[in-house]
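Okay, structure first, notes after.
The values are calculated or read from the model by the stated rules, or taken from the named source; none is laboratory data. Given the structure is predicted, the values throughout are model-derived calculations rather than measurements. Cβ: placed from backbone, ideal geometry, glycine included. Neighbour counts: every protein chain shown.
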Amino acid sequence: MNVVVCVKQIPDPAAPASLDPTTHTLDRSGKLILDDSDSYGVEMALQLAANVEGSEVTVVSMAPNSETSGLRTALAMGAAKAILVSDGALAGTDALGTAKVLAAAIRRAEPDLVIAATESTDGYTGTVPVQVAELLGLPSVTFAKAVATDGSSVKVERQTEAGYDDVECSLPAVVTVTAGVVEPRYPSFKGIMAAKSKPVDTLSLADLGIDPSEVGFTGARQEITDVSAAESRSAGEIVVDEGDGAQRIVAFLEQIKVV
Amino acid sequence: MRTRLDPQDPLALSSLLDADDLLTIQTVRRFVHEHVEPNIDRWYEHAEFPRHLVKPLGELGVLGMHLQGYGCAGASARMYGLACRELEAGDSALRSFVSVQGSLAMFAIWKFGSDEQRLRWLPAMAQGDAVGCFGLTEPDAGSDPSGMRTSARRKGSDWVLDGTKLWITNGSIADVAIVWARTEEGIRGFVVPTGTPGFEAIEIRRKLSLRASVTAELVLRDCVLPADAVLPEVRGLRGPLSCLDEARFGIAWGALGAARSCFEAALRYAGEREQFGRPIAGFQLTQSKLVEMAVELGKGELLAWQLAQLKDNGNLSPEHVSIGKLSNVRQALAIARSARSILGANGISLELPVMRHMTNLESVATYEGTEEIHTLAIGAALTGQPAFR
């Protein structure tokens with residue numbers, strides 16, 4: 001079973017982020033790391049692959065530069081190889097453009113199962129995985145909180161507001177997993193050393209037969225016209241217990257619909 | 001574009017690191033954050049070694065990570081140094097465990113052992129299934145190990161060991177002890193399974209430093225070992241001293257972790273603590289302390305980085321390591337004390353890591369060569385005149 005995981009390399013969320021003043025896009029010139037939300041997908045893929053004999057996990061990513069440090073994390077965790085689409089013309093690519101590029105790269109890996117996070121933690125559009133599925137002509141199952149496969153079909157517990165749906169679908173398919181579904185393993189030092197010799201296939205747009213005008217700032221169908229700072233958090237309400245403290249807290253919880 | 005100073009990395013030294021280095025930092029930092037930070041104050045307070053972390057440390061691959069083969073990862077010296085730094089940012093006890101396991105016990109077997117000894121012990125020790133300790137120091141032989149009294153004599157083809165070793169990290173939890181003893185052929189090393197009759201390890205209690213680490217006295221009384229227990233490839237003090245160089249390299253890196261933890265605690269506190277109507281970070285005297293810490297941390301990182309370069313290129317001398325151990329531990333202690341002063345009364349609490357690191361560093365400054373001994377070693381190399389022999 002060929003399992004492909006879509007991963008994104010993002011600026012370290014612990015470091016101060018900045019936006020480009022003219023394009024309003026995130027400054028990605030510094031060191032990039034594996035998006036934390038993708039580490040769940042990688043872990044899930046590794047677990048599923050371990051249960052189906054002859055399986056292999058491939059990670060696929062896209063970047064305007066040839067940055068691979070985030071991919072190294074996935075390889076150190078146990079993925080067998082990586083495909084990186086790297087091309088200067090990719091800067092400014094929107095979600096649909098990203099999906100086109102990823103779909104073309106994924107097709108090369110002849111996947112039985114494609115796994116992605118529900119959304120990235122830097123952009124949060126959450127639209128790329130289903131666009132990829134559509135472009136590949138594959139069914140997509142989203143918001144998986146549990147996944148099982150025998151190599152021919154996939155069984156998913158799909159998170160809903162009320163609980164979860166049991167969904168089953170034949171492979172190949174695209175599955176998006178929510179954060180926290182599995183506990184991502186530590187990349188061990190043996191894994192880190194082994195990752196040095198694992199193949200990272202770097203492809204250009206030309207290699208994939210994609211016209212540069214379809215991607216980047218020119219191909220983007222969305223434009224960020226303005227950005228503004230998020231509203232700062234206001235001070236909380238202090239409830240002084242005058243014998244009715246418990247009731248007032250329950251009333252508050254009911255008001256915000258958590259009970 | 002002009003790069004702004006990052007308080008987490010004032011000299012932007014992460015630009016000196018490659019992808020493997022960054023992955024090393026990320027991995028060990030996560031381990032420390034998840035497994036050490038939540039409980040270290042309790043372990044320290046109750047003088048408990050987190051023995052349950054030995055196996056996970058083995059799975060992480062940090063035990064003997066810089067050694068080649070026998071189940072070890074074969075990582076670079078710099079990756080090993082960075083791992084030590086991140087572990088010691090949690091607590092010196094963790095780094096001490098890893099140093100003794102990997103750089104003293106495993107290294108001695110790896111470098112001087114027979115193939116049988118390596119196969120018997122190294123994979124199990126790398127996995128965290130067996131713990132090692134290293135017996136060199138004695139009650140009356142510290143800085144001058146040539147004065148050791150522990151002896152090994154022949155009895156037929158066997159060896160019989162007698163003597164006492166003191167201040168032995170991991171001693172009472174170890175499965176195997178590397179014991180150095182005087183023989184008719186000079187000082188030799190022995191691989192002693194701790195279940196051997198005549199071997200006893202007594203834990204040293206009432207410590208005020210490295211409280212989350214196990215320290216013991218090893219007592220050997222008519223301890224009979226087979227002929228193949230001796231490390232075949234070395235005779236003389238060169239054996240144990242070369243192991244110490246390995247461990248000291250890790251200490252030069254590790255001390256930076258403890259120092260960074262103190263600096264970060266002080267920087268955070270100074271920004272939050274208000275006196276005279278404003279954060280104490282706004283006072284010149286406090287800024288002077290914080291700046292001094294940041295400057296010394298940056299210098300220490302560069303020093304450690306250069307030691308790693310030398311080690312990875314095979315050009316590291318014992319005196320280079322002495323410079324690193326001497327300077328980085330001294331500065332780490334100064335940073336810990338200065339951080340404690342910024343924290344005021346809160347600085348003595350276990351709620352914050354600073355005094356814990358400070359008391360740990362008092363041991364780190366002494367073990368593996370005191371400041372005085374490293375000074376004399378460097379002095380001898382500089383002048384050609386040994387002042388201690």
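See the values below:
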| item | result |
| --- | --- |
| Subset tally (residues that are part of a helix (DSSP H, G or I) and within 19 Å of B:Glu233 (Cα to Cα)) for the stretch B:114-145 | 8 |
| Test for A:Ala17: is it assigned to a loop (DSSP other than H, G, I, E, B), surrounded by fewer than 21 Cβ atoms within 10 Å (Cβ to Cβ) and small (Gly, Ala, Ser) | yes |
| Single condition B:Thr164 does not satisfy, out of (1) in a strand (DSSP E or B); (2) closer than 21 Å to B:Glu233 by Cα | (2) |
| Residue within the stretch B:373-387 that is touching a strand residue (DSSP E or B) at 6+ places or on another chain (Cβ under 9 Å) and farther than 30 Å from B:Thr286 by Cα present | no |
| Positions within the stretch A:189-219 being among the small types (Gly, Ala, Ser), part of a loop (DSSP other than H, G, I, E, B) and within 13 Å of chain B (Cβ to nearest Cβ), in sequence order | A:Ser197 |
| Residue in the stretch B:369-377 that is modelled with pLDDT of 95 or more, surrounded by fewer than 23 Cβ atoms within 10 Å (Cβ to Cβ), within 17 Å of B:Phe263 (Cβ to Cβ) and outside the structural domain of B:Leu87 (by TED's automatic domain parsing) present | no |
| Flag for A:Leu138 being under 30 Å from B:Asp20 (Cβ atoms), surrounded by 12 or more Cβ atoms within 10 Å (Cβ to Cβ) and more than 14 Å from chain B (Cβ to nearest Cβ) | no |
| Test: residue in the stretch A:154-164 that is in contact with a Leu (Cβ under 9 Å, 6 or more places away or on another chain), away from chain B (no Cβ under 14 Å) and surrounded by 10 or more Cβ atoms within 10 Å (Cβ to Cβ) | yes |
| In the stretch A:177-188, the residues that are acidic (Asp, Glu) and away from chain B (no Cβ under 14 Å) | none |
| Condition check for A:Val42: more than 14 Å from chain B (Cβ to nearest Cβ), crowded, with 21+ Cβ neighbours inside 10 Å, β-branched (Val, Ile, Thr) and touching a helix residue (DSSP H, G or I) at 6+ places or on another chain (Cβ under 9 Å) | no |
| Counted residues, the stretch A:160-207 - those being hydrophobic (A, V, I, L, M, F, W, C), modelled with pLDDT of 90 or more and under 26 Å from A:Leu96 (Cβ atoms) | 11 |
| Those residues of the stretch B:191-216 which are under 24 Å from B:Gly113 (Cα atoms), surrounded by 14 or more Cβ atoms within 10 Å (Cβ to Cβ) and out of contact with any helix residue (DSSP H, G or I) (no Cβ under 6 Å at 6 or more places or on another chain), in sequence order | B:Val192, B:Pro193, B:Thr194, B:Thr196, B:Gly198, B:Phe199, B:Glu200 |
| Helices (runs of 4 or more DSSP H) contained in the stretch B:1-89 and holding at least 2 residues away from every other protein chain (no Cβ under 12 Å) and either touching a residue at least 24 places away in the same chain (Cβ under 8 Å) or in contact with a Phe, Trp or Tyr (Cβ under 9 Å, 6 or more places away or on another chain) (or both) | B:40-45, B:54-60 |
| Output for the stretch B:240-293, where each listed residue is small (Gly, Ala, Ser) and outside any helix (DSSP H, G or I) | B:Gly277 |
| All positions within the stretch A:52-77 that are assigned to a helix (DSSP H, G or I), at pLDDT below 90 and either hydroxyl-bearing (Ser, Thr, Tyr) or more than 14 Å from the chain's Cα centre (by Cα) (or both) | A:Ser69 |
| Residue check, B:Arg330 among the charged types (D, E, K, R), under 26 Å from B:Ala141 (Cα atoms) and part of a loop (DSSP other than H, G, I, E, B) | no |
| Any hit, the stretch B:177-200, residues being in a strand (DSSP E or B), farther than 21 Å from B:Phe112 by Cα and not aromatic (Phe, Trp, Tyr) | yes |
| Flag if A:Leu48 is in contact with a Leu (Cβ under 8 Å, 6 or more places away or on another chain) and within 14 Å of chain B (Cβ to nearest Cβ) | no |
